[in-house]
Amino acid sequence: MNFEYMNAIMEFLNNELKEEKIPSTTYLSKTYNINIATVNKAINILVDEDLVYKKRGIGMFVKSGTLNKLIGDRKKSVLRKIC
């Protein structure tokens, strides 16, 4: 996965750090002109890293405390996985 794509999604999340719903994968794909499979992979990595959670039939949400988790080694770890 391209570093720039994941970085764009992470930058978007940095602006949405409250525990609230984030846009659909379709919206992110169209907004950032990224293949939807790539967006899905990025979201799944963020879920695996405990930064985002999904509620079936409702949507995806930023977990509270995400900002603190992105600071330091966690952000480096996430980026390392996708590069």
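The values are calculated or read from the model by the stated rules, or taken from the named source; none is laboratory data. Since this is a predicted model, take the numbers as computed values, not measurements. A quick note on method: Cβ atoms are made from the backbone with ideal geometry, for glycine too, and the neighbour counts reach across all protein chains shown.
Restricting the search to the stretch 24-41, which residues are over 14 Å from V62 (Cβ atoms), modelled with pLDDT of 90 or more and assigned to a helix (DSSP H, G or I)?
T25, T26, Y27, S29, K30, T31, I36, A37, T38, V39, N40, K41
Go through the residues of the stretch 59-73 one by one and say whether even a single one is acidic (D, E) and at pLDDT 85 or above.
Within the stretch 59-73, none of the residues are acidic (D, E) and at pLDDT 85 or above.
Report whether or not D50 is surrounded by fewer than 17 Cβ atoms within 10 Å (Cβ to Cβ) and at pLDDT below 70.
On the way: surrounded by fewer than 17 Cβ atoms within 10 Å (Cβ to Cβ): yes; at pLDDT below 70: no.
Taking the combined requirement at face value, the residue does not satisfy it.
Can you tell me which residues in the stretch 20-47 are surrounded by 12 or more Cβ atoms within 10 Å (Cβ to Cβ) and of a type in the set (G, A, S)?
Those that are surrounded by 12 or more Cβ atoms within 10 Å (Cβ to Cβ) and of a type in the set (G, A, S): S24, S29, A42.
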